[in-house]
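The values are calculated or read from the model by the stated rules, or taken from the named source; none is laboratory data. Here the structure is a predicted model, which is why all the values come from computation and not from measurement. Quick reminder, even Gly has a Cβ in these numbers, built from the backbone with ideal geometry, and neighbours come from all protein chains shown. Ligands, DNA and RNA are stripped out before the accessible areas are found, and what is left, the full protein with its side chains, is counted by its heavy atoms. Shrake-Rupley method; radii C 1.70, N 1.55, O 1.52, S 1.80 Å.
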Amino acid sequence: MFSYYFGLALHSLRRNVALTSLIVIAIGVGIAASTCALSMFRAYTADPIPQKSSQLFVPHIDSLSPEYRERGDKLPLHLTYQDARALLAQHLAKRQAPMYFTGSTLAPPNPRLHPFQVLVRATGADFFALFDVPFQYGAAWSATDDEARAEVVVLGSQLNERLFGRVNSIGRTVHLGTRDFRVVGVLDAWAPSPRFYEASNAMQGRVEDLFIPFGSAIDQHLPPWDNMACPPFSSGPSQWDAFLASECVWVRLWVQLPTAGDVQRYRRALDGYADEQTRSGRYHWPIRTALLNVGALLADEQPVPTEVRLYGLISLGFLLVCLLNAMALMLARFMTQSAEVGVRRALGARRIDVFLQCLAETAVIGLVGGLLGIGLCALGLAGIRSIVGGATVAFVYADRVDLSIAVLAALVSTLFAGLYPTWRAMQVQPAWQLKIN
Amino acid sequence: MLNMSRLSKIYRTQVIETHALREFSIHVREGEFVALTGPSGSGKTTFLTIAGLLEEFSSGDYMLDGTNVRGMTDSQRSRLRNQKIGFIFQAFNLIPDLNVANNIDVPLRYRRFSAAERRRRITESLERVGLSARARHYPAELSGGQQQRVAIARALAGSPRLLLADEPTGNLDTQMARGVIELIEELHRDGATIVMVTHDPALAARAQREVHLVDGQVVDLDPQPLAAMEARVGL
């Protein structure tokens with residue numbers, strides 16, 4: 001019988017094209033707005049590395065003098081170079097990688113091409129294993145390379161293509177800054193969403209063009225380009241060495257702690273280190289530490305912007321208005337079908353038969369509205385990307401989950417909106433309808 | 001077949017009570033062809049909707065083919081209506097978006113017949129009204145007389161025990177009306193029980209028995225002796 005109702009529903013859609021189109025558009029627009037909002041919300045709140053996010057942590061130490069804190073009472077986002085080195089030297093984690101964001105000038109191997117600026121992440125060999133970064137060619141450099149501060153580089157896939165074409169460039173060299181770096185790996189497509197390992201305004205969501213060993217970047221005096229808070233420091237014979245010895249916070253340390261025991265151990269060590277620094281007279285304020293996992297870090301560093309929350313609320317309200325419109329239109333639609341309902345009832349249809357027939361019609365309208373909503377949402381997201389520009393919202397897209405939710409939401413909300421009109425259709429008194437006719 | 005005893009129907013609003021049927025009694029035997037006549041507002045249509053289980057009554061009793069319909073749920077009445085009653089309306093009441101075959105299919109769907117059974121019944125009923133060639137036509141493509149024949153085919157397709165006709169020729173010109181009434185008479189000769197509501201005396205005269213309604217009450221019965229009528233219908 002359901003196929004009969006479904007067939008009637010399809011038939012019915014063609015009966016009053018204008019009214020049907022209005023209902024479908026009302027639902028489609030509402031679903032599109034809310035799906036766009038959902039996609040943006042998910043882009044900000046999604047777990048970018050679900051397979052191991054519970055094992056990845058960033059240690060924080062309240063090492064910045066209160067008068068230089070830019071985040072109020074919150075802990076600094078980064079560590080000093082000295083603190084990062086000290087924690088690394090304890091080897092308390094299964095994997096650990098220091099990192100900072102910088103940049104340099106790269107001279108292409110082809111002399112006809114002009115040098116250009118590249119975004120660089122200086123980090124440790126463990127970075128790639130920590131974050132399950134995929135490789136197209138080669139692999140990460142080794143721990144030995146880290147210790148030796150080797151001049152090796154892992155290229156992003158786009159930069160590799162720009163420099164060498166779509167070929168395996170392992171063993172080739174690139175001239176970065178003043179030195180040659182040997183290519184040891186080329187990344188495959190990798191765009192964690194959001195780019196969780198470091199919030200950086202300068203990055204605007206992009207993954208860096210290339211990766212070099214942390215020590216090598218230090219040797220090259222590549223300064224941090226972003227995410228730095230820095231109290232004044234006296235410069236000695238070398239400005240760079242003074243910077244490294246200063247209380248400036250600019251290094252992020254990621255550690256992998258697979259078990260709860262590992263986390264406890266690391267937390268104790270972190271607290272112990274902070275206490276030791278306090279005892280040495282380094283801090284004149286009550287010291288605090290924190291070990292934040294991916295979720296906590298994202299909530300702290302990349303909270304959902306107020307505009308996105310506001311847009312979400314507005315779009316939900318808009319969906320409600322659209323559904324109310326759809327409900328009114330469906331009511332009108334079903335009322336125009338009263339005569340047919342009366343005839344069907346006279347021919348033996350029970351109220352439940354009328355209910356199911358109207359429900360099937362509502363479901364078909366909801367499905368079509370949902371599909372329209374997906375199309376409009378795709379256009380909307382493309383519009384958002386083109387208007388906002390850059391990569392800030394490059395990660396805002398509707399994935400399969402969003403689309404499934406959109407269709408399901410269209411179905412459920414349309415069925416919900418159709419309940420009252422359907423109930424009214426059920427109440428049609430066949431006797432009255434037939435008397436009227 | 002149809003037995004109403006002291007049946008009343010009162011429509012109530014906050015300020016007024018309208019007695020559509022008052023202590024109305026009628027007994028229609030199997031195979032009978034009864035015409036119900038009366039002026040406008042006399043309660044003819046109310047009788048038809050109650051007889052067709054489309055409306056509930058206020059008091060009295062109603063037995064349809066041996067089943068007491070008092071107190072039945074809407075669902076039970078729908079099922080009984082679907083199985084026992086065929087309607088022929090003045091305005092045909094065909095569904096304009098469905099073709100002839102699909103219109104006839106409507107009551108059969110609610111009867112849960114198999115696809116093969118529905119096809120067989122549609123074919124047979126269309127043959128019966130002489131419209132086999134019009135199965136794929138839409139109502140708008142047919143004349144008024146043909147549309148009423150389709151409505152009759154739809155009423156017949158479920159093999160109902162009782163045919164209820166409401167002014168079946170009211171919307172037809174004389175020639176088409178003649179064809180339709182001849183078809184109804186033919187159905188009667190084949191054994192169908194028919195109750196026809198009409199205000200047309202000439203049409204009522206074609207029935208075996210005429211029941212006249214005024215203000216919801218039977219005022220005049222066909223003087224024809226019951227025995228003679230029974231002999232005519234072979235009881």
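Taking the stretch A:62-86 as the range and being more than 11 Å from A:Arg252 (Cα to Cα) and in contact with a Leu (Cβ under 6 Å, 6 or more places away or on another chain) as the test, only A:Asp62 passes. Specify the residue that is nearest to B:Gly52 (Cα to Cα); the eligible residues are those in the stretch A:326-385 that are more than 14 Å from every other protein chain (Cβ to nearest Cβ) and β-branched (Val, Ile, Thr). So, considering only residues that are more than 14 Å from every other protein chain (Cβ to nearest Cβ) and β-branched (Val, Ile, Thr), the one nearest to B:Gly52 (Cα to Cα) is A:Thr362.
Taking the criterion of being modelled with pLDDT under 85, hydroxyl-bearing (Ser, Thr, Tyr) and not in a loop (DSSP other than H, G, I, E, B), the residues of the stretch A:35-78 that qualify are A:Thr35, A:Ser39, A:Tyr44, A:Thr45, A:Tyr68. Residues in the stretch A:138-149 that are modelled with pLDDT under 95 and open to solvent by less than 30 Å² (accessible area, probe 1.4 Å): 0 in all.
Checking each residue in the stretch A:221-236 for being more than 23 Å from A:Arg179 (Cβ to Cβ) and more than 26 Å from the chain's Cα centre (by Cα) picks out A:Cys230, A:Pro231, A:Pro232, A:Phe233, A:Ser234, A:Ser235, A:Gly236.
Within the option set A:Phe334, A:Phe395, being modelled with pLDDT under 85, open to solvent by 20 Å² or more (accessible area, probe 1.4 Å) and out of contact with any strand residue (DSSP E or B) (no Cβ under 6 Å at 6 or more places or on another chain) holds for one residue only, A:Phe395.
Within the stretch B:80-97, can you find the residues that are within 7 Å of chain A (Cβ to nearest Cβ) and open to solvent by 20 Å² or more (accessible area, probe 1.4 Å)? Give the steps one after another, and end with the answer.
Narrowing the stretch B:80-97 to residues within 7 Å of chain A (Cβ to nearest Cβ): B:81-82, B:87, B:89, B:91, B:93, B:95, B:97.
B:Ala91, B:Asp97 - these are the residues of the stretch B:80-97 that are within 7 Å of chain A (Cβ to nearest Cβ) and open to solvent by 20 Å² or more (accessible area, probe 1.4 Å).
Inspection of the stretch B:48-55 finds a residue satisfying the criterion of being hydroxyl-bearing (Ser, Thr, Tyr), under 15 Å from the mean Cα position of the chain (by Cα) and within 11 Å of another protein chain (Cβ to nearest Cβ). Summed over the stretch B:168-198, residues that are open to solvent by less than 30 Å² (accessible area, probe 1.4 Å) and either among the polar types (S, T, N, Q) or farther than 15 Å from B:Val34 by Cβ (or both) total 8.
Only one of the numbered conditions (1) touching a Leu at 6+ places or on another chain (Cβ under 8 Å); (2) modelled with pLDDT of 95 or more; (3) surrounded by 18 or more Cβ atoms within 10 Å (Cβ to Cβ) is not met by A:Phe135, and that is (3). Scanning the stretch A:288-299 turns up no residue that is over 30 Å from A:Phe131 (Cα atoms), part of a helix (DSSP H, G or I), free of Cβ contacts under 8 Å to residues at least 40 places away in the same chain and in the same structural domain as A:Pro194 (by TED's automatic domain parsing). For the stretch A:178-198, filtered to residues that are small (Gly, Ala, Ser) and open to solvent by 20 Å² or more (accessible area, probe 1.4 Å), the residue that is nearest to the chain's Cα centre (by Cα) is A:Ser193.
Among residues of the stretch B:98-116 being touching a Lys or Arg at 6+ places or on another chain (Cβ under 9 Å) and open to solvent by 30 Å² or more (accessible area, probe 1.4 Å), the one that is farthest from A:Gly348 (Cα to Cα) is B:Phe113.
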